[in-house]
1. Using beta carbons and a limit of 7 Å, which pairs, at least six apart or on different chains, have the first residue in region 68-79 and more than 15 Å from F37 (Cβ to Cβ) and the second one surrounded by fewer than 15 Cβ atoms within 10 Å (Cβ to Cβ) and at pLDDT below 95?
2. If you go through region 130-145, how many residues are over 12 Å from the mean Cα position of the chain (by Cα) and touching a residue at least 12 places away in the same chain (Cβ under 8 Å)?
3. Sort out which residues of region 45-78 are out of contact with any helix residue (DSSP H, G or I) (no Cβ under 9 Å at 6 or more places or on another chain) and modelled with pLDDT of 95 or more, and write them in order of number.
4. Report, by residue number, each residue of region 143-176 that is buried (at least 16 other Cβ atoms within 10 Å of the Cβ) and in a loop (DSSP other than H, G, I, E, B).
5. So, in region 117-142, how many residues would count as being outside any strand (DSSP E or B) and closer than 25 Å to D25 by Cα?
6. Specify which of the listed residues (Y108, Y67) is among the hydroxyl-bearing types (S, T, Y) and farther than 20 Å from R169 by Cα.
7. Would you pick out the residues in region 79-116 that are in contact with a helix residue (DSSP H, G or I) (Cβ under 8 Å, 6 or more places away or on another chain) and in a loop (DSSP other than H, G, I, E, B)?
8. Against the conditions (1) modelled with pLDDT of 90 or more; (2) loosely packed, with under 12 Cβ neighbours inside 10 Å; (3) aliphatic (A, V, I, L, M), where does I107 fall short? Just the number, please.
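The values are calculated or read from the model by the stated rules, or taken from the named source; none is laboratory data. Keep in mind that what you see is a predicted model, and the values were worked out from it rather than measured. Please note: Cβ atoms are built from the backbone with ideal geometry, for glycine as well, and neighbour counts cover all protein chains shown.
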Amino acid sequence: MKTGTVLGLAAALASAAARAAPPADVTLKSATDERIFRLADARGKYVVLNFLLKTECPFCLRHTRAYVAGADTLPNTLILFIKPDSDEDIRKWASNLTAAELKQFPIYRDPEAKLAEQFGIPSGYTFHGHVVRYPALIVLGPDGSEIFRHVGRNNADRFSFEQLAEKLRELSRPKE
């Protein structure tokens, strides 16, 4: 077997292992207000974890705004935006959002990208002079288990709101 094939298989197995064992519970503190998110409190809903890039990312801002604009069309769904920056850096980045957007969608902090690491989101991508984890979206089902993920290849490779809406329709259809 070729080395590249072995490495690819190892990466796929590592990714599958990370997906099979997500954190039992998730608790995130908002950097933009006093809210705390606890996955245990969201049982019965779909939870969309948007892992945004560390640093000043215009793609993250555009992505966040598109999700905020369409969120009301997704019943039984909570959308969270998560950044690994400091509280101060997140507040600075979030100042590009309106007060109404932040009231509806606070920006949560993932200190040192520990949660991203627990979900197996790869690191090593360089953006604005920082080595960061890739942008990612993870959907947790009503029971808290991971049911879908998209990990981007670069800062512009995001799972659009329209793609998410279609994926949630697909995932919520009754099984035949």
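1. Short answer, once both residue conditions are applied: V68/Q104.
2. Narrowing region 130-145 to residues over 12 Å from the mean Cα position of the chain (by Cα): 130-132, 141-145.
Retained after the next criterion (residues that are touching a residue at least 12 places away in the same chain (Cβ under 8 Å)): 130, 132, 141-145.
Counting residues in region 130-145 that are over 12 Å from the mean Cα position of the chain (by Cα) and touching a residue at least 12 places away in the same chain (Cβ under 8 Å) gives 7.
3. Scanning region 45-78 gives a single hit, K45.
4. Passing the criteria: G144, G152, N155, R158, F159.
5. So the first thing to find is which residues in region 117-142 are outside any strand (DSSP E or B), and the list is 117-122, 128-129, 134-135, 141-142.
From the residues that got through so far, the ones that are closer than 25 Å to D25 by Cα too are 117-122, 134-135, 141-142.
Counting residues in region 117-142 that are outside any strand (DSSP E or B) and closer than 25 Å to D25 by Cα gives 10.
6. Details: Y67 fails: farther than 20 Å from R169 by Cα.
On inspection, the qualifying residue turns out to be Y108.
7. At the first step, the residues of region 79-116 found to be in contact with a helix residue (DSSP H, G or I) (Cβ under 8 Å, 6 or more places away or on another chain) are 79, 81-85, 93-94, 96-97, 101-102, 104-105, 107, 109-110.
Within region 79-116, P84, D85, N96, L97, F105, D110 meet the criteria.
8. Of everything listed in (1) modelled with pLDDT of 90 or more; (2) loosely packed, with under 12 Cβ neighbours inside 10 Å; (3) aliphatic (A, V, I, L, M), I107 misses just condition (2).
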